[in-house]
Amino acid sequence: MINDRGNSVGAMPPAVDIPFRLAWRSSAVRAGAHRSRQGGTGGLFKDHVSLLDNPDPRRIDLRASARDPLEALRVRRFEQNSAITAYALVDVTGSMGVVGHTSKISLAADLVSVLAASARRIGDAFGIIACDSDVHGELFQRATRARAGEVEFAAELRGLTPNRRGVEGLIRASELIAGRRKLVILISDFQMSSQEMEDVFAALSPHDVVPILLRDSAEVEGLPNWGLLALRDVETGRRRLVAMRPSLKTRWCRVDADRRGRLRAIASRHGREPFEITDVIDWDRLATYFAGGGI
Amino acid sequence: MNLAFAHPLFLLALPLALVPLVWLSQRTHDYASLDFMDPDWLSTAVDWGLRALLSLSLLGLVLGLAGLHVRGTSIERVGTGAHIVLLIDRSSSMDQTFAGRQPTGDEMSKSTAARVLLEDFIQKRAHDRFGVAAFSTAPFLVLPITDHKEAVLAAIRAIDRPGLAFTDVGRGLALSLATHEADPAAASRAIVLVSDGAAVIDRKVQELLRQGFSKRRINLYWLYLRTEGSRGIYEEPRQGEEDTPQALPERHLHKFFLTLGAPYRAFEADNPQSVADAIAEIDKLEREPIRYVERVPQTDLAHWAYAIAAVCLAILLLAKLCEVGIARTWKGANV
């Protein structure tokens, strides 16, 4: 099933599993796959406490008790592995709908379905929010452990014709997901000013933000070297005639590199370097990136 | 400029020329965001240049269709000059040289000398109008008074064709007067009589001429081409000779002209040089201001409008060929 923009609506997401590793500890009560502040039965040794503090005789450590100068009984305590809540915030402003060597909205759909599947497989809750000038009314899924919701969501995302602009939706979404620290995967082409980037990252600062930058090489490196190019900005509708030539193309490449540099600087300040996807998703690199866990 | 249109209805399409100001003639390609790309001066210049060219070509086509032209007018100017009737003797004696022989080698006949010098005279006098009349046994009108220099020159060039029989000055002059009569414009007027002899003028014709010359002021010049040995204008009758028009026609014609009351000058020329001097003298004397009308013909500008449109369209076509797009290689699912 192909919609009018050439996006395949019913494409199946790739069967890839992305392992998350976090640099922070969840405080969720629900058992899961991530390190947490909760003491419990599973995982790593945490510390010794007296039997009176943790009355679980199964965990009495005889060696530690024997070494104790006060001759108290010592009980081992372990870390509880907890679940986390992850949200994917997908930018669906007009610029995401432009098709060149790739379709950014389609890349976002693939990412969302893979990440959702990966998160739910290990028991994490996963929510998806599409944002443009406001939070998208229909493409909105609260964090849930229920599986398969993301398949419809990805299909709907592929069928979407983005036409609005602005970052207000992302900021509104940050209000909706306020609360305990969450993993927030920010999927966008970041066609925004430095100030807008700052605003978005500041609004999401309580969370662990994973910026994923989607790029289409046809928009910069893939431009022709020479010729008259009439362009229409899909977000503003403005038209502009460009006399493309190598010097101008170099300048445009520099503008794009500058923008990415600014994103890198801002994102690094908020905890993680952005992951850049140009045209095709390299799933192995993405898995390595997530396994790195950020700073 | 006096612009006019052959088909003004086409001008209703003129607002079309404004369309390029709001409409980009190139096929546009979607682009994610232009906000971060500073406007480039060359691109802006090319953009507005192409819009202007399109505008101009539409303008040219519309004006071309509407048949733009400059209306023909006539402009009245003031110069110096006169309306002159050249009255030329076409008797056969004019074919002879000043020595009274048939011309041989590079000798000039009287008519040829007169022709060459009169041609110069006509070409020099820019604002004069000329009429040409000739006479022999009978007068004949060659050309009414006109400002068509080419026609006058052609008439003058014909005067050294072999001449006819005799000389009838009186009726020739009457014809010249009639020629002036037929020309209504206000101007100073002159008759230049070129002849190599004279004849007796009939009493009745004399009366007619007197009336004619008294009706309006007409300068009369007599350029007498004197053949060697013939009697001059100013020559007194010799001892024992009769002083009658039959015996001394030149002297009596001169006397008759003096009695006309019109401004009159006689020039006696017995070689080409003195003919030239006489004509130069006439040229000097005829320096009255004259109003003359210069006709400006209608100028068609439609082909210029089409040419401008064609050039603009050619450049636009080149620009069209220079157009490029953004690669769209994405095929759909990229799994």
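Which residue is farthest from B:G172 (Cα to Cα), if the candidates are limited to the range B:84-142 and must be acidic (D, E) and surrounded by fewer than 20 Cβ atoms within 10 Å (Cβ to Cβ)? The qualifying residue farthest from B:G172 (Cα to Cα) is B:D106.
Does any residue of the range B:287-302 turn out to be part of a helix (DSSP H, G or I) and either within 30 Å of B:D243 (Cα to Cα) or at pLDDT 80 or above (or both)? There is at least one residue in the range B:287-302 that is part of a helix (DSSP H, G or I) and either within 30 Å of B:D243 (Cα to Cα) or at pLDDT 80 or above (or both). Starting from residues that are assigned to a helix (DSSP H, G or I) and either out of contact with any Asp or Glu (no Cβ under 8 Å at 6 or more places or on another chain) or more than 7 Å from every other protein chain (Cβ to nearest Cβ) (or both), keep the ones in the range A:234-250 and report whichever is farthest from B:E323 (Cα to Cα). Looking at the filtered set, the residue picked out is A:T250. Answer yes if at least one residue in the range B:33-48 is aromatic (F, W, Y), part of a loop (DSSP other than H, G, I, E, B) and touching a residue at least 40 places away in the same chain (Cβ under 8 Å), and no otherwise. Within the range B:33-48, none of the residues are aromatic (F, W, Y), part of a loop (DSSP other than H, G, I, E, B) and touching a residue at least 40 places away in the same chain (Cβ under 8 Å). One residue is enough: does the range B:305-322 have a residue meeting the conditions over 23 Å from B:A178 (Cα atoms), part of a loop (DSSP other than H, G, I, E, B) and touching a Lys or Arg at 6+ places or on another chain (Cβ under 6 Å)? The answer is no, given that none of the residues of the range B:305-322 is over 23 Å from B:A178 (Cα atoms), part of a loop (DSSP other than H, G, I, E, B) and touching a Lys or Arg at 6+ places or on another chain (Cβ under 6 Å).
Every residue, every condition in (1) at pLDDT below 90; (2) touching a His at 6+ places or on another chain (Cβ under 9 Å), yes or no:
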site: A:Q80; (1), (2): yes, no
site: A:V90; (1), (2): no, yes
site: A:A117; (1), (2): yes, no
site: A:C131; (1), (2): no, no
site: A:D134; (1), (2): yes, no
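Could you go through the range B:300-311 and let me know if any residue there is surrounded by 18 or more Cβ atoms within 10 Å (Cβ to Cβ) and either within 14 Å of another protein chain (Cβ to nearest Cβ) or within 30 Å of B:K110 (Cβ to Cβ) (or both). No, because not a single residue in the range B:300-311 is surrounded by 18 or more Cβ atoms within 10 Å (Cβ to Cβ) and either within 14 Å of another protein chain (Cβ to nearest Cβ) or within 30 Å of B:K110 (Cβ to Cβ) (or both).
Answer yes if at least one residue in the range B:229-242 is in contact with an Asp or Glu (Cβ under 7 Å, 6 or more places away or on another chain) and either outside any loop (DSSP other than H, G, I, E, B) or of a type in the set (S, T, N, Q) (or both), and no otherwise.
First, the residues of the range B:229-242 that are in contact with an Asp or Glu (Cβ under 7 Å, 6 or more places away or on another chain): B:231-233, B:237.
Filter once more, keeping what is either outside any loop (DSSP other than H, G, I, E, B) or of a type in the set (S, T, N, Q) (or both): none.
The answer is no, given that none of the residues of the range B:229-242 is in contact with an Asp or Glu (Cβ under 7 Å, 6 or more places away or on another chain) and either outside any loop (DSSP other than H, G, I, E, B) or of a type in the set (S, T, N, Q) (or both).
Rundown of residues vs (1) at pLDDT 75 or above; (2) of a type outside the set (D, E); (3) within 23 Å of B:P263 (Cα to Cα); (4) not assigned by TED's automatic domain parsing to the domain that holds B:L253, yes/no style:
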{"residue": "B:T97", "(1), (2), (3), (4)": "yes, yes, no, no"}
{"residue": "B:Q102", "(1), (2), (3), (4)": "no, yes, no, no"}
{"residue": "B:G172", "(1), (2), (3), (4)": "yes, yes, yes, no"}
{"residue": "B:R189", "(1), (2), (3), (4)": "yes, yes, yes, no"}
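Do we find a residue being away from chain A (no Cβ under 14 Å), surrounded by 14 or more Cβ atoms within 10 Å (Cβ to Cβ) and either modelled with pLDDT under 75 or more than 30 Å from B:L63 (Cβ to Cβ) (or both) anywhere in the range B:236-246? Working first, answer last.
Filtering the range B:236-246 down to residues away from chain A (no Cβ under 14 Å) leaves B:236-246.
Remaining after also requiring surrounded by 14 or more Cβ atoms within 10 Å (Cβ to Cβ): B:245.
When the remaining residues are screened for being either modelled with pLDDT under 75 or more than 30 Å from B:L63 (Cβ to Cβ) (or both), the result is B:245.
Checking the range B:236-246: at least one residue is away from chain A (no Cβ under 14 Å), surrounded by 14 or more Cβ atoms within 10 Å (Cβ to Cβ) and either modelled with pLDDT under 75 or more than 30 Å from B:L63 (Cβ to Cβ) (or both).
Summed over the range B:16-60, the residues that are closer than 30 Å to A:M192 by Cβ, touching a helix residue (DSSP H, G or I) at 6+ places or on another chain (Cβ under 9 Å), more than 7 Å from every other protein chain (Cβ to nearest Cβ) and polar (S, T, N, Q) give a count of 0. Only one of the listed residues (A:L89, A:L44, A:L107) is part of a strand (DSSP E or B) and under 30 Å from A:R238 (Cβ atoms). That residue is A:L89.
Residues are listed down the side, and each one gets a yes or a no for (1) more than 10 Å from every other protein chain (Cβ to nearest Cβ); (2) part of a helix (DSSP H, G or I); (3) surrounded by fewer than 19 Cβ atoms within 10 Å (Cβ to Cβ):
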| site | (1), (2), (3) |
| --- | --- |
| A:R181 | yes, no, yes |
| A:A202 | yes, yes, yes |
| A:I212 | yes, no, no |
| A:A218 | no, yes, no |
| A:G222 | no, no, yes |
| A:R232 | no, no, yes |
| A:W252 | no, yes, no |
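So is A:G261 under 18 Å from the mean Cα position of the chain (by Cα) and not basic (K, R) or not? Spell out how you get there, then give the answer.
Working: under 18 Å from the mean Cα position of the chain (by Cα): no; not basic (K, R): yes.
No, not satisfied.
Does the range B:49-83 hold any residues that are crowded, with 17+ Cβ neighbours inside 10 Å and small (G, A, S), and which are they? Listed by number, the residues that qualify are B:S55, B:S57, B:G60, B:G64, B:A66, B:G81, B:A82.
In the set (1) part of a helix (DSSP H, G or I); (2) under 17 Å from the mean Cα position of the chain (by Cα); (3) within 12 Å of chain B (Cβ to nearest Cβ), A:D256 fails one condition alone, (2). In the set A:A148, A:A154, A:A143, only one residue is among the aliphatic types (A, V, I, L, M), buried (at least 19 other Cβ atoms within 10 Å of the Cβ) and either at pLDDT below 85 or in contact with a Ser or Thr (Cβ under 7 Å, 6 or more places away or on another chain) (or both); that residue is A:A154. Identify, please: which residue in the range A:98-130 is β-branched (V, I, T) and within 14 Å of A:E156 (Cα to Cα) and is, among those, nearest to the other protein chains (Cβ to nearest Cβ)? Only one residue tops the list, namely A:I105.
Do we have A:I277 as part of a loop (DSSP other than H, G, I, E, B) and surrounded by 18 or more Cβ atoms within 10 Å (Cβ to Cβ) here? If you could, list the steps in order and put the result at the bottom.
On the way: part of a loop (DSSP other than H, G, I, E, B): no; surrounded by 18 or more Cβ atoms within 10 Å (Cβ to Cβ): yes.
For A:I277, the condition - part of a loop (DSSP other than H, G, I, E, B) and surrounded by 18 or more Cβ atoms within 10 Å (Cβ to Cβ) - is not met.
Checking each residue in the range A:157-175 for being modelled with pLDDT of 90 or more and among the aliphatic types (A, V, I, L, M) picks out A:L170, A:I171, A:A173.
Please state which one of B:F267, B:F256 is surrounded by 13 or more Cβ atoms within 10 Å (Cβ to Cβ), of a type in the set (A, V, I, L, M, F, W, C) and not in a strand (DSSP E or B). Break it down into steps so the answer makes sense when it comes.
Details: B:F267 fails: not in a strand (DSSP E or B).
Answer to the selection: B:F256.
Given B:A302, B:A327, B:A280, B:A319, which one is over 21 Å from the mean Cα position of the chain (by Cα), under 30 Å from A:A109 (Cα atoms) and aliphatic (A, V, I, L, M)?
Numbers: B:A302 fails: under 30 Å from A:A109 (Cα atoms); B:A280 fails: under 30 Å from A:A109 (Cα atoms); B:A319 fails: under 30 Å from A:A109 (Cα atoms).
Checking each option against the conditions leaves just B:A327.
The values are calculated or read from the model by the stated rules, or taken from the named source; none is laboratory data. What you are looking at is a predicted structure, and each value in this text was computed from that prediction instead of being measured. Glycine gets a Cβ as well: all are built from the backbone with ideal geometry, and neighbour counts include every protein chain shown.
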